[in-house]
Amino acid sequence: MKYEVYTGLIASKDYSIFDFTSTGKSGSINKRIEFTPTEMTGVYNLSFGDVNEDGEIDDYVVSNNGDRNKILATVVDVIKSYTQKFPAHWVFFSGSTQERNRLYRMAVGLNIEELSVLFNIYGIDDGTIIPFEKNKEVSAF
């Protein structure tokens with residue numbers, strides 16, 4: 001993506017967790033990107049959000065730190081690193097809310113040319129995996 005990314009991420013040894021700090025108008029906020037296996041062999045769920053006091057991901061909180069594009073670009077950069085390390089893994093993600101899913105769809109759509117060079121991108125529409133189409137609603141990616 002054509003946006004600045006956060007650097008200095010801390011990755012777990014197995015590359016399943018990436019932590020970084022968002023800095024912006026609301027201060028410093030600890031963020032986490034996590035990959036966990038799903039029931040489908042070779043498919044890994046991407047979770048992302050603020051790290052709460054219990055050390056868990058809160059993917060419902062709205063940080064509003066003014067760095068959305070930098071954060072989304074950082075997530076893409078992490079997916080790129082992850083899939084380079086594990087080329088046989090598929091990454092699955094969806095928004096925790098309809099609004100977040102729409103944000104992700106718009107971000108992918110706006111950057112589809114660049115992202116398509118890096119990834120094969122699909123959406124899920126009524127339970128069916130389809131090639132991603134800009135402006136087409138999907139429930140997951």
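The values are calculated or read from the model by the stated rules, or taken from the named source; none is laboratory data. Quick caveat: nothing in here was measured; it's all calculated off a predicted structure. Glycine also receives a Cβ, built like all others from the backbone with ideal geometry; neighbour counts cover every protein chain displayed.
Does the stretch 109-118 include one or more residues that are touching a Gly at 6+ places or on another chain (Cβ under 8 Å) and either free of Cβ contacts under 8 Å to residues at least 24 places away in the same chain or surrounded by 11 or more Cβ atoms within 10 Å (Cβ to Cβ) (or both)? Within the stretch 109-118, none of the residues are touching a Gly at 6+ places or on another chain (Cβ under 8 Å) and either free of Cβ contacts under 8 Å to residues at least 24 places away in the same chain or surrounded by 11 or more Cβ atoms within 10 Å (Cβ to Cβ) (or both).
Looking at N69, N64, N52, just one residue is at positive phi, of a type in the set (S, T, N, Q) and surrounded by fewer than 17 Cβ atoms within 10 Å (Cβ to Cβ), and that residue is N64. Selection over the stretch 58-89 of residues that are more than 13 Å from the chain's Cα centre (by Cα) and not polar (S, T, N, Q) gives a count of 11. The residue that is nearest to S63 (Cα to Cα), counting only those in the stretch 16-37 that are assigned to a loop (DSSP other than H, G, I, E, B) and polar (S, T, N, Q), is S26.
Tell me, which residue of the stretch 1-39 that is of a type in the set (A, V, I, L, M) and at pLDDT 95 or above is surrounded by the most Cβ atoms within 10 Å (Cβ to Cβ)? Within the stretch 1-39, the match that is surrounded by the most Cβ atoms within 10 Å (Cβ to Cβ) is I33. Checking the structure you have, find out if any residue of the stretch 4-11 is part of a strand (DSSP E or B) and either under 20 Å from F93 (Cβ atoms) or assigned by TED's automatic domain parsing to the domain that holds D59 (or both). Within the stretch 4-11 (the criterion being part of a strand (DSSP E or B) and either under 20 Å from F93 (Cβ atoms) or assigned by TED's automatic domain parsing to the domain that holds D59 (or both)), the answer is yes, since at least one residue qualifies.
Of the helices (runs of 4 or more DSSP H) lying entirely inside the stretch 49-141, those containing at least 2 residues that are of a type in the set (K, R) are 68-85, 98-110. Scanning the stretch 123-135 for residues that are modelled with pLDDT under 95, at negative phi and touching a helix residue (DSSP H, G or I) at 6+ places or on another chain (Cβ under 8 Å) yields a single hit, K134.
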